[in-house]
């Protein structure tokens, strides 16, 4: 469903992703974990081309792009299959919660306004925020903003939703409501890829865990095996330190 | 004391009837300058080497040259290139000179305002499948506009005052009318004080309007 092969990315001659290859099946929930600077966020951002890989192939469903021959058509096509939830929510600050969701439908997909609003309200209800439809982001708590952001990502019916540390910027007491919503969208249809520091959540919700360090995939395992019988020394050390 | 208060009062209606000319010059120039300023700011942000340099040269030139000199270049200078055709009316020359100059200043204002919008906003636009242009128009520009309003209103006030230069090329705006009134009556102080008060009140009203616009634009962000 999502295939990445031989992906390379450098920033100012520092290699951040070193020949990453990866295959993810439809409906899988994949947690990517690892120390800061391991390249996990960069990998995620390469999947929807917010970062342009230097070389490599990315394929989602029937869209296949070659990083070295990237066209703007490719970008649009690949992004049409993905949605993203950002660490700092990145809600459109000049739009209400509902407008944040309907914007892509009305402007991007040319959906009639009435229909888009219906879809938007249904999604807000799904994340429990229908009563905040007309609130602007500045009036919402971090947790509420992130829930709207998840609804916004769902609106475009993506095949893959990318989560870039969705709870790292939240106050501890708001983390739970966001994790709850993420858990609720796991449906064996939509593929989720999460970069996260929430170990227990990864263990709980993900069915696969990828551990990255220094731009390479160190370990790629089922969630169960990853946390109970890690295969690599590096993984064991990481799990020990993060358990403390 | 040699001050004819009554003359000054009676001057107001005459002068005010020329206020629309002044406002027309300023507002038209402001609109043209805003469109040009946004264009220039976008060019500079695009980092397309040749275009960026041209835009920077444009900005540097028009920010450095006095408005009066720019006006004379357009009104007296340009027709020389096309002899026999006096295409440019004094009003058109004034509007061109004022808007070309203000565009240079506004470009800097807009560039700063656009940079003040968080990078994540555009990334979010792209992530839901909007194009760069759609994201710019629907999300970046409205947020940048809010930041630019105070600066824009400063330039509008400046334009209202600088439009008085139009008298030098023969446009009868509120200031030109004041000059006529003053030299016909030799009541210089009364006439110029009257027009000064009008400029002052217009600026006060504009500032109030600006506050209201700002309040409305800011309300979603509080």
Looking only at the range B:120-141, count how many residues are surrounded by fewer than 17 Cβ atoms within 10 Å (Cβ to Cβ) and either in contact (Cβ under 8 Å) with a residue 40 or more places away in the chain or over 25 Å from residue A:164 (Cα atoms) (or both). 1
Would the range A:43-53 turn up any residue that is over 23 Å from residue B:120 (Cβ atoms), more than 10 Å from chain B (Cβ to nearest Cβ), outside any helix (DSSP H, G or I) and modelled with pLDDT under 95? no
Do we have any residue at all in the range A:24-39 that's surrounded by fewer than 23 Cβ atoms within 10 Å (Cβ to Cβ), within 14 Å of chain B (Cβ to nearest Cβ) and not in a helix (DSSP H, G or I)? no
In the range A:64-121, anything more than 7 Å from chain B (Cβ to nearest Cβ), at positive phi and crowded, with 20+ Cβ neighbours inside 10 Å is listed as A:89
Filter the range B:181-222 down to the residues that are in contact (Cβ under 8 Å) with a residue 24 or more places away in the chain and not in a helix (DSSP H, G or I) and list them by number. B:187
Wholly within the range B:50-165, which helices (runs of 4 or more DSSP H) include no fewer than the required count, namely at least 1 residues that are within 14 Å of another protein chain (Cβ to nearest Cβ)? B:90-115, B:119-127, B:132-135, B:141-162
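The values are calculated or read from the model by the stated rules, or taken from the named source; none is laboratory data. Keep in mind that this is a model prediction, so the values were computed, not measured. Reconstructed Cβ throughout: ideal geometry from the backbone, glycine too, with neighbour counts over all protein chains shown.
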